[in-house]
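Undergrad: So that we are looking at the same thing, I have put the structure below in C-alpha cells.
The values are calculated or read from the model by the stated rules, or taken from the named source; none is laboratory data. Computed from a prediction, not measured in an experiment: that's the story for all the values here. Note that each Cβ is placed from the backbone with ideal geometry, even for glycine, and that neighbours are counted across all protein chains shown. Keep in mind that these areas ignore ligands, DNA and RNA; they rest on the heavy atoms of the full protein, side chains included. Shrake-Rupley method; radii C 1.70, N 1.55, O 1.52, S 1.80 Å.
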Amino acid sequence: MASNGVDRTFIKDLAEHVGESVLIKGWVSVRRDQGKMVFFDFRDMTGTVQGLVTPGAAAMDTAKNTARESVVAITATVQERPGKNAQAGKQNGNIELLIQEIEVLSPAAVLPFEVNEDTAGIGEESRLAYRYLDLRGERMQRNIRLRSELVQRCREYLFGEKFTEIETPLLTESTPEGSRDFVVPSRLHPGKFYALPQSPQQYKQLLMVGGFERYFQIARAVRDEDLRADRGFEHTQIDIEMSFVSQEDVMSTVEAMITRTVEAMGYVVKEKPFPRFTYAEAMEKFGADKFDLRTPEDKEKGVLAYAWIHKFPFFEKIPEGGWTFTHNPFSMPTPEHVEQLLAKKDVGDILTTQYDLVCNGYEAGGGSIRAHKPEILKAVYETMGYSAGETEERIGHMLKAFEFGVPPHGGIALGVERLVMNLTGETHLREVQAFPMTRGGQTSVMKAPKELTPDQLAELGIQISPKPKHEPR
Ligand code: ASP
C-alpha cells in the first residue's frame with residue numbers, strides 16, 4: 001500500500017530528494033490526459049509539483065480515472081525535468097515526479113466552479129455554499145494564512161510586553177457599542193435572554209479591577225448592524241486593556257505592535273510615528289474621520305498609511321432630542337473637559353479621550369482612556385438622559401466594582417479583518433474570513449438562521465408571531 005512504510009514528504013521539500021522514491025499526499029490540481037501519458041499537478045499545503053504517468057506504468061488505469069480535486073497518495077521517483085521543460089524560478093520548476101502508484105484516498109465529484117482560478121468573479125452564493133472548495137484557491141489560502149501570521153505576530157509582541165491573554169464570556173449582558181444586540185434565549189430562565197458581546201469592553205475593564213494590568217484577547221465581537229462590504233455581523237478584534245497608562249502609552253504600544261508586525265511581514269509603513277489629526281482637523285482636511293493618505297504610487301506598492309485621530313466630540317445629538325455617545329460611553333473626557341462633563345455644561349463641546357486608528361481609508365481600530373471614577377461614568381449616563389435607576393440597572397456592576405480600588409486604565413480594539421484587508425488590498429470582508437456570511441446574513445455552507453423545532457420553542461417558552469416586524473431579505 002502506498003501509504004504504508006514510507007513517510008510522507010512535503011511538496012516544498014521534493015527538490016532535496018532527486019533520485020529517491022517519495023510518498024506525497026494532497027490534491028490533484030490539474031490532470032492532462034495526453035493518451036499515452038497522463039500529466040498531473042499535485043498540491044499540498046506547502047506547494048505544487050508536476051508529475052507524470054508513463055506508458056505501461058501500473059498507475060495508468062487510476063491515472064485515467066482520477067478526477068481533479070481528488071485527494072491522493074502518490075508514490076513516485078523524483079527526477080530532474082529535461083532541460084527544455086524546466087521552468088526556472090517556479091517552485092519545483094526543475095523537477096517532476098515519475099509516478100509509480102496513485103492511491104485515491106477520496107475522489108472528488110464534479111466541481112461546482114473552478115478552484116484553480118481566482119474565484120473573485122464567481123457568485124457569492126455559490127462560493128459560500130461550497131466555501132470549503134473556495135478556500136482551496138490560491139488567493140484564499142494566502143489571505144487566511146496571512147491573517148493567521150498577523151495574529152500570531154501581534155500575540156507574540158503582546159506576550160513580550162507582559163500582557164496576559166484572557167477569554168471573556170460569550171453569553172453575557174448587553175454592552176453598549178452603538179449597535180443592536182444578538183440575543184440568546186435562556187432555557188433555565190424562560191423569558192430572559194443573554195446578549196452576545198458587541199465587545200469585551202466591560203469585562204476587560206473588570207479585569208483591570210481584578211489586577212491583571214495588561215490584558216489582551218483575540219476576541220469575537222457580534223453586532224447586529226447593517227451589512228456592508230467591510231462590515232459583517234461577526235468580527236474579530238485584537239482587544240487590549242492596560243492599567244496605569246495615559247493615552248500616549250496605549251497609542252505607542254499599539255503603534256509599536258503594528259509597525260513591528262507588518263514590517264516583519266515585509267510591508268512598508270508610509271509614515272512613522274503615525275501622523276495624528278484631531279477630529280476637527282480630519283473633518284476639515286478630509287471631510288471624514290477615515291481617510292487615505294496614500295499617493296497613487298503608494299497604492300501600487302502596497303504601502304500602509306496609518307494615522308491616528310483623536311479629540312473626538314464625546315456626545316452627539318439624537319433625532320428625538322437629547323444626547324448619545326459618539327464612540328464609547330465608558331471613556332474619560334479629555335482632562336480639560338472633566339469639570340464640564342460633571343456640570344453637564346455645553347455638552348456638544350466636550351471632547352473624549354477616544355483615539356481611532358485609520359489605515360488606507362479604513363477605520364482599523366479605536367479605544368480610549370476610561371472613566372474609572374464612578375462620578376464621571378455616572379455623569380456620562382446622566383448626560384445621555386438616564387435616570388439614576390436606569391443607570392444602576394445598566395452599569396451598576398461597573399460603578400460597584402469601581403468602589404473597590406480601580407487603577408486608571410485605557411485600551412483599544414483593532415479589527416483583525418480590517419487589518420488583513422489593508423495588508424491584502426482586499427475590499428470585501430468575505431475575502432479575509434474563513435466562513436463569512438452572505439450579504440443577506442446567511443451563514444456559509446450551513447443554513448442559519450433557521451427555524452427552531454416546536455419542541456425547542458416550547459422548551460424556551462417562545463412563541464413566534466405570524467408576522468415578523470421586518471420582512472426577511
Ligand atoms: N470597545 C471598543 C470597541 O470594541 C474598543 C475599545 O474602546 O477598547 O470598538
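Undergrad: May I ask you to list pairs of residues, at least six apart or on different chains, whose Cβ atoms are under 8 Å apart, with the first in the stretch 188-213 being closer than 11 Å to MET242 by Cα and near the ligand (Cβ under 9 Å from one of its atoms) and the second being of a type in the set (Ser, Thr, Tyr) and part of a loop (DSSP other than H, G, I, E, B)?
TA: LYS204/THR168
Undergrad: Can you tell me which residue within the stretch 235-275, out of those that are touching a Cys at 6+ places or on another chain (Cβ under 7 Å) and among the hydrophobic types (A, V, I, L, M, F, W, C), is farthest from the ligand (Cβ to nearest atom)? Please lay out each step first, then the result.
TA: So the first thing to find is which residues in the stretch 235-275 are touching a Cys at 6+ places or on another chain (Cβ under 7 Å), and the list is 238, 257, 261.
From what is left, the residues that are among the hydrophobic types (A, V, I, L, M, F, W, C) are 238, 257.
Numbers: ILE238: 10, MET257: 14 Å.
Only one residue tops the list, namely MET257.
Undergrad: I need the full set of residues from the stretch 313-327 which are assigned to a loop (DSSP other than H, G, I, E, B) and either among the aliphatic types (A, V, I, L, M) or away from the ligand (no atom under 16 Å from the Cβ) (or both), in order please. Quick ask: steps written out before the conclusion?
TA: So in the stretch 313-327, the residues assigned to a loop (DSSP other than H, G, I, E, B) come out as 314, 318-322, 326-327.
Passing the criteria: ILE318, PRO319, GLU320, GLY321, GLY322.
Undergrad: A follow-up question, please. Out of curiosity, is ASP41 in a strand (DSSP E or B) and either of a type in the set (D, E, K, R) or at pLDDT 95 or above (or both)? Let's see the steps before the verdict.
TA: Details: in a strand (DSSP E or B): yes; either of a type in the set (D, E, K, R) or at pLDDT 95 or above (or both): yes.
So ASP41 passes the test.
Undergrad: Oh, and also: If you take the residues in the stretch 418-469 that are in contact with a helix residue (DSSP H, G or I) (Cβ under 8 Å, 6 or more places away or on another chain) and of a type in the set (Lys, Arg), which one is farthest from PHE233 (Cα to Cα)?
TA: Checking each candidate, the answer is ARG430.
Undergrad: So HIS310 clears everything in (1) open to solvent by 20 Å² or more (accessible area, probe 1.4 Å); (2) within 16 Å of the ligand (Cβ to nearest atom); (3) over 19 Å from ARG418 (Cβ atoms); (4) not β-branched (Val, Ile, Thr) except one condition, right? Which one?
TA: (3)
Undergrad: Pairs under 6 Å by beta carbon, first residue among the polar types (S, T, N, Q) in the stretch 9-30, partner surrounded by fewer than 18 Cβ atoms within 10 Å (Cβ to Cβ) and outside any strand (DSSP E or B), six or more apart or different chains?
TA: Taking only residues 6 or more apart or on different chains, the pairs are SER29/ASN116.
Undergrad: While we're looking at this one, here's another question. Which condition does VAL184 not pass, out of (1) over 21 Å from GLY361 (Cα atoms); (2) open to solvent by 60 Å² or more (accessible area, probe 1.4 Å); (3) more than 16 Å from the ligand (Cβ to nearest atom); (4) not in a loop (DSSP other than H, G, I, E, B), if it passes all the others?
TA: Going through the list (1) over 21 Å from GLY361 (Cα atoms); (2) open to solvent by 60 Å² or more (accessible area, probe 1.4 Å); (3) more than 16 Å from the ligand (Cβ to nearest atom); (4) not in a loop (DSSP other than H, G, I, E, B), VAL184 breaks only (2).
Rundown of residues vs (1) in a strand (DSSP E or B); (2) among the small types (Gly, Ala, Ser), yes/no style:
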| residue | (1), (2) |
| --- | --- |
| ALA73 | yes, yes |
| ALA88 | no, yes |
| VAL104 | yes, no |
| VAL110 | no, no |
| GLU114 | no, no |
| GLU117 | no, no |
| ALA120 | no, yes |
| SER126 | no, yes |
| LEU133 | no, no |
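Undergrad: Out of the residues in the stretch 135-152 that are aliphatic (A, V, I, L, M) and in a helix (DSSP H, G or I), which is most open to solvent (accessible area, probe 1.4 Å)? Break it down into steps so the answer makes sense when it comes.
TA: Narrowing the stretch 135-152 to residues aliphatic (A, V, I, L, M): 135, 140, 144, 146, 150-151.
After this cut, where a residue has to be in a helix (DSSP H, G or I) as well, the list is 140, 144, 146, 150-151.
On the way: MET140: 3, ILE144: 49, LEU146: 30, LEU150: 5, VAL151: 19 Å².
Going through the qualifying residues, I end up with ILE144.
Undergrad: Among VAL416, VAL420, VAL432, VAL445, which is the only one that is under 26 Å from the mean Cα position of the chain (by Cα), modelled with pLDDT of 95 or more and on the phi > 0 side of the Ramachandran plot? Quick ask: steps written out before the conclusion?
TA: Working: VAL416 fails: on the phi > 0 side of the Ramachandran plot; VAL420 fails: on the phi > 0 side of the Ramachandran plot; VAL432 fails: on the phi > 0 side of the Ramachandran plot.
Just a single option satisfies the conditions, and that option is VAL445.
Undergrad: Filter the stretch 330-362 down to residues that are farther than 23 Å from GLN205 by Cα and touching a residue at least 60 places away in the same chain (Cβ under 8 Å) and give me whichever is most open to solvent (accessible area, probe 1.4 Å).
TA: The selected residue is TYR362.
Each row is one residue, and each column tells you yes or no for (1) within 38 Å of the chain's Cα centre (by Cα); (2) of a type outside the set (A, V, I, L, M).
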| site | (1), (2) |
| --- | --- |
| THR48 | yes, yes |
| ALA58 | no, no |
| LYS84 | no, yes |
| GLN87 | yes, yes |
| SER106 | yes, yes |
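Undergrad: Being more than 16 Å from the ligand (Cβ to nearest atom) and either more than 24 Å from THR175 (Cβ to Cβ) or in contact with a Leu (Cβ under 9 Å, 6 or more places away or on another chain) (or both) is the filter here, so list the residues in the stretch 328-341 that pass it.
TA: Those that are more than 16 Å from the ligand (Cβ to nearest atom) and either more than 24 Å from THR175 (Cβ to Cβ) or in contact with a Leu (Cβ under 9 Å, 6 or more places away or on another chain) (or both): PRO335, GLU336, HIS337, GLU339, GLN340.
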